[in-house]
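Here's the structure, in structure tokens; my notes come after.
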Protein chains: 2
Amino acid sequence: MVDDKAVSDPVSAGETSKPRGTGRRLRGAIAHKIGTAILSGHYAPGQTLSGEIAFAEELDVSRSAYREAMQVLTAKGLVESRPKAGTRVLPRNRWNLLDPDVLAWAFAEEPDVEFVRNLFELRAIVEPAAAMLAAQRRDRDDLKVMKTALAAMRRHTLATELGRAADRDFHSAILNATRNDALMVLTASIGAAVNWTTQYKHRARALPRNPIPDHARVYDAIAAGDPVAASEAMRVLVELALEDTQSSMMD
Amino acid sequence: MVDDKAVSDPVSAGETSKPRGTGRRLRGAIAHKIGTAILSGHYAPGQTLSGEIAFAEELDVSRSAYREAMQVLTAKGLVESRPKAGTRVLPRNRWNLLDPDVLAWAFAEEPDVEFVRNLFELRAIVEPAAAMLAAQRRDRDDLKVMKTALAAMRRHTLATELGRAADRDFHSAILNATRNDALMVLTASIGAAVNWTTQYKHRARALPRNPIPDHARVYDAIAAGDPVAASEAMRVLVELALEDTQSSMMD
DNA sequence: CATTATAATATGTCCGAGTAATCAGGAGAT
DNA sequence: ATCTCCTGATTACTCGGACATATTATAATG
């Protein structure tokens, strides 16, 4: 009863509903899709997703790809799977909200205002402290990198991609000067997510104010080796960024 | 007694290479194994791991399980896989060092002293600020939970598991009172990892000093709604924890 | 020598079968 | 009637093999 095996027409016939080539790898696209769906509240915590075979078929992908995507979500604390109960969305306090991907997914759709405020509150705690440490530990090379980045920001302004890259370099150089890996990872994740949104919202209109002098103040304090001044200057910077972001989210 | 099924037992040849029974599922055990190997420096950044089939065979597991484990590591930024180049360990600045699992893996073997210092430096930045926010935002229920936890700590002392659980409850209650998800996730991850190590190292000997009064000072300040005092009291707490940990790592 | 075609190789995706764990419900004992 | 234990059903988990795709290295070509 086992003869028929010459079905040499798997799936490539006519329909091309395959999300293949969405840019990333397939499982990455799936993880992105379900991840954003969870972060945006489309799947509520506690809710159990449809079974593997059903969901995989619905997405028109193999179970392997679907499962590998779910492993990613599981690794980030978004879902949990158990043999009989199925796969369910975990409560929000289990999510790795500081994971770069999770942050990106959170900002992919309209981000929650409350969450953005929380992130800026965290930035306002961490970044001034980072500037303080940088003022104490920076060496000549650190200052050189910062100075170069600052000059590039002046030349290109934050309206251009080059200018924003210089901005990232500037902050990155400060973090480097703290000599603290954990601090670097944390601030880099948050900063990237927040800046990405800011850029997205603001891309067509000018920034409300010129942030170069504020950046320069941070640099001067770090170069002078003045921790208190560095911390204060960075605090102002974060505060202004919060104001800009909040005003842009009022639209 | 129906016993017809052949107990094939895929991974129980004779050798004890069976990563099963490490607690979690198979792929979880693999991820744990390779994760700790990477964190402990056994696989250096830049190094490319053996091919899938080879490595999977070496671990005596199927390729599917191995791949799902690698997806977990990829999701945490430890490795990167590309079609021809193979799977290579990413540079340290790409690792999600704040991921709970990554932290656990980092502390599984002898943790790097430098890294522990960095983590405590981060704690010293974040936790006092959290206590400050808690002092401003706590309500009656928050204080009730803290008070209960504090009483439990007094009863059981930190030498018992019950006492340590109460300690975690106390800090957790403070974080809850900040009303900031991001802050909660961050501090919870770090605190769990650090406390876990502390407990592990200290399990046989008494703590150098009685930490209850210091905890009580934090509670009093938060209850009084005094942000500055709360911040200062928490700063002392973290500092003492650092001293204890450092002295225990001298052995 | 530079550029382009080709082949080799490792990861990516798909499929189908069987295993293990968990929960619901029923048979039997207390 | 209540509890315990067994049995069955459901679901994720693991396995093995096959094919597709992307990237690199190499050879062929002008």
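At-a-glance table
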{"read-out": "Residues (surrounded by fewer than 16 Cβ atoms within 10 Å (Cβ to Cβ) and under 18 Å from the mean Cα position of the chain (by Cα)) located in the stretch A:38-48", "value": "A:Ser40, A:Gly41"}
{"read-out": "Number of the condition not met by B:Ser81 [criteria: (1) more than 11 Å from DNA strand D (Cβ to nearest atom); (2) modelled with pLDDT of 95 or more; (3) under 25 Å from A:Ala188 (Cα atoms)]", "value": "(1)"}
{"read-out": "Candidate set from the stretch A:93-136 (those that are acidic (Asp, Glu) and within 23 Å of B:Val102 (Cβ to Cβ)); member that is nearest to the chain's Cα centre (by Cα)", "value": "A:Asp101"}
{"read-out": "Residue pairs meeting the criteria (Cβ under 9 Å; at least 6 apart or on separate chains; first closer than 21 Å to A:Arg94 by Cβ and in contact (Cβ under 8 Å) with a residue 12 or more places away in the chain, in the stretch A:42-69; second in a loop (DSSP other than H, G, I, E, B) and within 12 Å of DNA strand D (Cβ to nearest atom))", "value": "A:Tyr43/A:Leu49; A:Thr48/A:Ala85"}
{"read-out": "Within the stretch B:52-64, tally of residues that are within 12 Å of DNA strand C (Cβ to nearest atom) and either within 21 Å of A:Tyr66 (Cβ to Cβ) or crowded, with 22+ Cβ neighbours inside 10 Å (or both)", "value": "5"}
{"read-out": "Any chance B:Arg123 is in the same structural domain as B:Thr187 (by TED's automatic domain parsing) and in contact with a Lys or Arg (Cβ under 7 Å, 6 or more places away or on another chain)", "value": "no"}
{"read-out": "Unique residue being closer than 23 Å to A:Gly77 by Cα, more than 16 Å from DNA strand D (Cβ to nearest atom) and buried (at least 16 other Cβ atoms within 10 Å of the Cβ) when the list is B:Arg123, B:Arg138", "value": "B:Arg123"}
{"read-out": "Number of the exception - B:Glu109 against (1) in contact with a Ser or Thr (Cβ under 7 Å, 6 or more places away or on another chain); (2) within 11 Å of another protein chain (Cβ to nearest Cβ)", "value": "(2)"}
{"read-out": "Residues of the stretch A:65-102 that turn out to be within 22 Å of B:Tyr66 (Cα to Cα) and of a type in the set (Val, Ile, Thr), as a count", "value": "4"}
{"read-out": "Test: B:Arg164 is in contact with a helix residue (DSSP H, G or I) (Cβ under 9 Å, 6 or more places away or on another chain), within 13 Å of chain A (Cβ to nearest Cβ) and basic (Lys, Arg)", "value": "no"}
{"read-out": "Breaking point among (1) modelled with pLDDT of 95 or more; (2) under 28 Å from A:Val116 (Cβ atoms); (3) within 12 Å of DNA strand D (Cβ to nearest atom), for A:Gln71", "value": "(2)"}
{"read-out": "Test: residue in the stretch A:199-211 that is of a type in the set (Phe, Trp, Tyr) and either at pLDDT 95 or above or under 30 Å from B:Ala193 (Cα atoms) (or both)", "value": "no"}
{"read-out": "Flag for B:Ser81 being more than 18 Å from the chain's Cα centre (by Cα) and not assigned by TED's automatic domain parsing to the domain that holds B:Val185", "value": "yes"}
{"read-out": "Scan of the stretch B:78-106 for residues that are within 16 Å of DNA strand C (Cβ to nearest atom) and farther than 14 Å from B:Ala44 by Cα, ordered by number", "value": "B:Ser81, B:Arg82, B:Pro83, B:Lys84, B:Ala85, B:Gly86"}
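The values are calculated or read from the model by the stated rules, or taken from the named source; none is laboratory data. Predicted model only: the values in this text are computed from it and were never measured. Note: ideal-geometry Cβ built from the backbone for every residue, glycine included; neighbour counts use all protein chains shown.
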